[in-house]
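Remarks on the structure that follows.
Just so it is clear, none of the values below were taken in a lab; they were calculated from the coordinates. Only a predicted model underlies this, so the values are computations on that prediction, with no experimental measurement involved. Counting neighbours? That spans all protein chains shown, and the Cβs are built from the backbone with ideal geometry, glycine included.
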Amino acid sequence: MNLTLIGPPGAGKGTLSTRLVERLGMMQLSTGDLLRKAVKDQTPLGKQVASVMAAGQLVADDIVTRLLRANLERALGAGTTSFLFDGLKVKLDRAVRMVVSEAVVLRRLSGRRVCRNCGATYHIEFEPPKVADTCDQCGQKALYQRTDDREESIRERLRVYGLESRPLVEHYTAQGILVDLPAEDAPDAICDRLVKMLGLK
């Protein structure tokens, strides 16, 4: 089954993706990840991508398609039959819209704190550091709230998401593949709900 996840900032798309990969053996294919890996591995396509990105240009669709095809062929050869797509134009079986309220998004994102020194991430409510404002990893008192995690920024991000996602939602709805997934409780419960909803196991 081929899936894509959509939802506002703070909906938990990344967390759910990780669980689907771990639990169901799905392979996650992301435009950004494919390009970065090709550049890092210095493959022929990767070198081409690096020069395009260095020039500040968008990578052509044909290059992305070739990267996707190569990864799909490798995965299919290894027996993988389910894929989670991110930012790729492929035929989908389901588009899963993660449904969360603005209040939940604000609570999730505004509580996030990041260490200026090592980049470790915390949440003042869900995953606080052992000592206030101090990073458990490097011991520095360097935790801060990113500008885009402040309430006014979050509200603006949600407004923009609402506008930009509307055509995509309409497209998936017209195709008959859009399903809504309530996504306000614990990550494992959300994953269980999706697995049951789609009959994945």
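I'd like the isolated cysteines in the chain, meaning no second cysteine's beta-carbon lies under 4.7 angstrom from theirs.
If one checks each Cβ against the other cysteines of the chain, C191 turn up with nothing under 4.7 Å.
Expressed in nm to one decimal, what extension gain is obtained for the pair R74 and R155 from 0.36 nm per residue of sequence separation less their Cα-Cα distance?
Details: separation 81, 0.36 × 81 = 29.16 nm, distance 4.14 nm.
Result for the pair: 25.0 nm of gain on full extension.
With a point put 7 Å past each Cα toward its Cβ, work out how far H123 is from Q137 in nm, to one decimal.
Inter-label distance under the simple model: 1.7 nm.
Put +1 on the Cβ of every Lys and Arg and -1 on every Asp and Glu Cβ in the chain; which of P167, G7, L68 then has its Cα farthest towards the positive end of the dipole?
Positive-end residue among those listed: L68.
Cross-link candidates for K141: which aspartates and glutamates have Cα within less than 12 Å, leaving aside residues fewer than 8 places away along the same chain?
The qualifying aspartates and glutamates are D133.
Just tell me which lysines come within less than 30 Å, Cα to Cα, of K91; anything on the same chain fewer than 8 places away is out.
K13, K37, K40, K47, K196, K201
Please tell me the relative contact order of the chain in percent, rounded to the nearest whole number, where contacts are Cα pairs under 8 Å and at least six residues apart.
Values: 251 pairs, mean separation 56.1, N = 201.
Relative contact order here is 28 percent.
Given the C-alpha centroids of the range 88-130 and the range 60-74, what is the distance between them in whole angstrom?
What the calculation gives is 29 Å, centre to centre.
Report P(r) for the range 1-130: all Cα-Cα distances, bin width 10 Å, range 0 to the bin holding the largest distance, values in whole percent.
So the P(r) values, bin by bin, are 11, 31, 31, 23, 4.
With +1 on the Cβ of every Lys and Arg and -1 on the Cβ of every Asp and Glu, and nothing else charged, how large is the dipole of the range 5-148 about its Cα centre, in debye rounded to the nearest 20? Intermediate results must be reported in sequence, preceding the final value.
On the way: 22 positive and 14 negative charges, 6 e Å.
With only Lys, Arg, Asp and Glu charged at Cβ, the dipole is about 40 debye.
For R107 and V179 in the same chain, what is the full-extension length gain: residue separation times 0.36 nm, less their Cα-Cα distance, in nm?
Values: separation 72, 0.36 × 72 = 25.92 nm, distance 2.46 nm.
Residue separation times 0.36 nm, minus the Cα-Cα distance, leaves 23.5 nm.
At a Förster radius of 35 Å, what calculated FRET efficiency corresponds to the Cβ-Cβ distance of V195 and T147, to the nearest 0.05?
Numbers: r = 36 Å, r/R0 = 1.04.
About 0.45, to the nearest 0.05.
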